[in-house]
Amino acid sequence: MGILHSAPPGAGDTAALYRWLTDRQGRRNVFDGHLFACILARRWPGGSGALGLSDVAFTRLLERYFPGALQDGLPVVEASPARLPAHLHAEFRELAELLLSHRSQGTDEEVWLAAIIARAALDSAELWQDLGLNGPRHLAAVIERHFDPLAVLNATGTRWKTFLYRFLCARDGLIPCGAPVCRACGAEAVCFGAGD
């Protein structure tokens, strides 16, 4: 189980990293290839932990969509994803499970995306920005493609990060507080248990 320990050319420049990845793209679905190139260009310099993926899942994603990135002789080393604090790990797990329970096709891509989206939702920017996407409509297209039952439930077009957190609150019988993330709410211990 290993990940690439040195960033590919252009790691400080998301546009250059996107081009580098797409130049090494395999013969897979074009939409998903573009999607994963956007996400990796934005989040990969932080390592597999910034993606919410295990080292094994990260390597499998690269093998499937960007085999040329691995064939270019990039060194592989043992490494562990950055660990989240207990309260954030619980939040991450709940978000990923919510997405997985609404997946459209039952593919590995949806398992990877559930983890990636859940991890990005913990960050402070708009979800589409933290995923390196071109705007809310691009994120909506991703959700419709891979998590369509969830997309159907968001009939009002609520921003996705807000929708996901409100869905979790409503599912657990809590009154949604209106905060875009749990850390801004103040009732985090009620939802996820006391943190360390």
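A short reminder: the numbers here are calculations on the coordinates, not readings from a lab. This is a predicted model, so every value here is computed, not measured. Cβ: placed from backbone, ideal geometry, glycine included. Neighbour counts: every protein chain shown.
What's the FRET efficiency of residue 123 with residue 144 using the Cβ-Cβ distance as r and R₀ = 25 Å, to the nearest 0.05? Could the numbers behind the result be given before it?
Values: r = 22 Å, r/R0 = 0.90.
Efficiency, rounded to the nearest 0.05: 0.65.
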Inset, instruction - May I ask you to evaluate 6.51 cos²θ - 1.76 cosθ + 1.60, the Karplus curve with θ = phi - 60°, for each residue of segment 83-95 and list the ³J(HN,Hα) values in order in whole Hz, giving x for glycine and proline? - result: 7, 8, x, 3, 5, 6, 5, 5, 5, 4, 4, 5, 5
Inset, instruction - Provide the per-residue ³J(HN,Hα) series for segment 111-120, in order, calculated from phi with Karplus coefficients 6.51, -1.76, 1.60 and θ = phi - 60°, each as a whole number of Hz, with x at glycine and proline positions. - result: 5, 5, 5, 4, 5, 5, 5, 4, 5, 5
